[in-house]
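Participant: Pasting in a structure now, in structure tokens, and then I'll have a few things to ask.
The values are calculated or read from the model by the stated rules, or taken from the named source; none is laboratory data. These numbers come from a predicted model, not from an experiment. All Cβ positions, glycine included, derive from the backbone under ideal geometry; neighbour counts span all protein chains shown. We work out accessible area using only protein heavy atoms, side chains counted, and drop any ligands, DNA or RNA first. Shrake-Rupley method; radii C 1.70, N 1.55, O 1.52, S 1.80 Å.
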Amino acid sequence: EKPLSNVKFGIYDENENLVETVITNEEGRAITGPLTKGIKYVKELATGSIYYLLNTETFEAEIKYHKEIVKLTVENEPVDIEVDVEKEGTVETKPNEEVEYTFKNIANTSNTFLDSFKWYEYLPTDYIKLEEIQTGTWNQDLNYDIYIKTNKSDKYILFKEDLNSKINHKIDLKTDFTEDEYITEFYFDFGKVDVGFKEETSPI
């Protein structure tokens, strides 16, 4: 129930011709100039804030009398940013045995797209060394990059680029590093993702 400023509305006639545009003030109010009698349609064109979703409903207002003021109230749903990740794997192991982790529900569960979607993984390097990544597949067709940190680097390094999200890439890490260098962190940089973006085949 907070008033929104800088929200842009278009006023249209019965033939859907744009008659006027108005923008709300700090009190969340926008006032048109004088309009002719008859039915007018009001559409929200921009919310003026990244924190609110556009109201896509078309509102109808009918002016019946000279100098009549017709009021409309338009509400915007706030953006709800939510991301979810589940990790399953080996609970107990012996020295030199392989450990496998499966990741599920790496998803944009928000009610809006996200401009920069990154999935990070931090490795318990006192106990394990990363030898292979299976990237999984994803329900949005895009290209993404993988960045890594090693015990020899303070900053993230671009490791793989332009990987297609519809291909399950198998990345062998046993031969890419010297014996005393190993990955401590990595992240997948997907860039812009839509609502409902998630894996189809789980990364391992």
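Participant: Taking a ≥ b ≥ c as the square roots of the Cα gyration tensor eigenvalues, with a/c under 1.5 meaning rounded and otherwise prolate when a/b beats b/c, else oblate, which class fits the range 130-175?
Facilitator: oblate
Participant: Give the calculated FRET efficiency between I39 and F177 to the nearest 0.05, with a Förster radius of 45 Å applied to their Cβ-Cβ distance.
Facilitator: Working: r = 70 Å, r/R0 = 1.55.
Computed FRET efficiency for I39 and F177: 0.05.
Participant: On to the next question. Quick one: which of 48-55, 65-72, 77-84 comes out on top by average Cβ neighbours within 10 Å, and what's the full order, highest first?
Facilitator: 48-55, 77-84, 65-72
Participant: Pull out the extension gain between L72 and N105, defined as 0.36 nm times the separation in residues minus the alpha carbon to alpha carbon distance; nm, one decimal.
Facilitator: Working: separation 33, 0.36 × 33 = 11.88 nm, distance 4.09 nm.
This chain segment gains 7.8 nm when fully extended.
Participant: Taking Cα pairs under 8 Å and at least six residues apart, what relative contact order does the range 4-99 come out at, in percent?
Facilitator: Answer for the range 4-99 is 22 percent.
Participant: Could you grab the relative contact order for the chain? Cα pairs under 8 Å, six or more apart, rounded to a whole percent.
Facilitator: The value is 18 percent.
Participant: Using a/c under 1.5 as the rounded threshold, could you call the chain rounded, prolate or oblate? The axes a ≥ b ≥ c are square roots of the C-alpha gyration tensor eigenvalues, and prolate needs a/b larger than b/c, oblate otherwise.
Facilitator: Prolate shape, in that a/c is at least 1.5 and a/b is the bigger ratio.
Participant: Here is a further query. How much FRET efficiency would the formula 1/(1 + (r/R0)^6) give for E62 and I31, where r is the Cβ-Cβ distance and R0 is 22 Å, rounded to 0.05? Walk me through the numbers before you get to the answer.
Facilitator: Working: r = 17 Å, r/R0 = 0.79.
Once rounded, the FRET efficiency stands at 0.80.
Participant: Could you size up the charge dipole of the chain around its Cα centre, putting +1 on the beta carbon of Lys and Arg and -1 on that of Asp and Glu, and report it in debye to the nearest 20? All intermediate terms of the calculation are to be shown ahead of the outcome.
Facilitator: Numbers: 23 positive and 43 negative charges, 190 e Å.
Roughly 920 debye for the chain.
Participant: Moving to a separate point now. Taking amide hydrogens as modeled 1.01 Å from N in the peptide plane, which residues meet the under 5 Å criterion relative to I183, leaving out close sequence neighbours?
Facilitator: L130
Participant: Taking amide H atoms as placed 1.01 Å from N in the peptide plane, list the residues 5 or more away in sequence, or in a different chain, whose amide H sits under 5 Å from that of A46.
Facilitator: Residues meeting the amide H criterion: K8.
Participant: Enter the Cα centre distance for the pair the range 1-32 and the range 126-175, rounded to the nearest angstrom.
Facilitator: Taking the Cα centre of each part, the range 1-32 and the range 126-175 sit 47 Å apart.
Participant: Once neighbouring chains are kept in place and the probe is 1.4 Å, which whole percent of the accessible area of the chain is contributed by carbon and sulfur? Numbers along the way, then the final one.
Facilitator: Details: 6160 of 13750 Å².
Roughly 45 percent, rounded to a whole number.
Participant: From the Cα gyration tensor of the range 1-112, with a ≥ b ≥ c the square roots of its eigenvalues, which class applies: rounded if a/c is under 1.5, or else prolate if a/b is larger than b/c, or else oblate? Please report the intermediate quantities before stating the final value.
Facilitator: Numbers: a/c = 5.48, a/b = 3.91, b/c = 1.40.
Because a/c hits 1.5 or more and a/b exceeds b/c, the range 1-112 counts as prolate.
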